[in-house]
Amino acid sequence: MSSLRDMPRGTVLQVCHVVHDIEKHVNTWVRTFGAGPFFRATFQIDGHTYRGQPHRVNLHVAVGCVGSTIVELSQPADDAPSLFREVLESRGEGLHHYWIQAPSFDDEIARYAAAGCEYVGGGDLPRMGRGAFVDTTRTLGCFTELLELNHMGWSLLDQMHVAHLTWDGRDRIRPYPAF
């Protein structure tokens, strides 16, 4: 198996849904698509921005795979304004963003900006790299996430992908791998 990192530019690596109840949606993805297992964590990250303002990420996530596609289920962990809360409040649960494989993080942000897709927010991902969201809702109906992952970030995703490929259906929700 090659690394997910080796997918060509433009590959949709991840589909993210914003939800009110992660466990309910994990069960739906497992039952409907055979996705899993899912790795769950709460991320609290300072130093990000959201719509031009300083932002603290406070988000429950569950990450699993279906085939070579990463499925992320995200649930806000507080009532503070955020990109995820924004979608829940404006249109409810459902598709939040795609993560598109891009070879150059900064060039991709510039490319989206030139196409009229504004930078919505992002920041450093401790020990994993950096991420950003651009607003592609007019054209795609959801946001687009851009990630520049380091070796640790790609290794975590590859661990989750291998777990999916060898999964026997037990332990649908597991702790996020240590890093």
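The values are calculated or read from the model by the stated rules, or taken from the named source; none is laboratory data. Just so it is clear, the model here is predicted, and its values are computed rather than measured. Cβ placement follows ideal geometry from the backbone for every residue including glycine, while neighbour counts extend to all protein chains displayed.
Just one of the numbered conditions (1) exposed (fewer than 15 other Cβ atoms within 10 Å of the Cβ); (2) within 16 Å of the chain's Cα centre (by Cα) is not true of residue 16: (1). I'm trying to understand the selection: among the residues of segment 89-120, which are of a type in the set (Phe, Trp, Tyr) and part of a helix (DSSP H, G or I)? Passing the criteria: 105, 112. In segment 71-96, what residues are surrounded by 12 or more Cβ atoms within 10 Å (Cβ to Cβ), over 19 Å from residue 52 (Cα atoms) and of a type outside the set (D, E, K, R)? Matches in segment 71-96: 71, 73, 74, 75, 76, 77, 88, 94, 95, 96.
Cβ-Cβ distances below 7 Å connect the following pairs, each with a first residue in segment 110-130 that is in contact (Cβ under 8 Å) with a residue 60 or more places away in the chain, a second residue that is assigned to a loop (DSSP other than H, G, I, E, B) and of a type outside the set (S, T, N, Q), and a separation of six or more residues or different chains: 120/51; 120/135; 121/51.
Pairs meeting the criteria (first residue in segment 91-109 and within 12 Å of residue 134 (Cβ to Cβ), second residue aromatic (Phe, Trp, Tyr) and modelled with pLDDT of 90 or more, beta carbons under 9 Å, at least 6 apart or on different chains) are 97/133; 97/143; 98/143; 109/119. Looking for something within 24 Å of residue 35 (Cα to Cα), at pLDDT 95 or above and surrounded by fewer than 19 Cβ atoms within 10 Å (Cβ to Cβ) - is there at least one such residue anywhere in segment 100-108? No, every residue in segment 100-108 fails to be within 24 Å of residue 35 (Cα to Cα), at pLDDT 95 or above and surrounded by fewer than 19 Cβ atoms within 10 Å (Cβ to Cβ).
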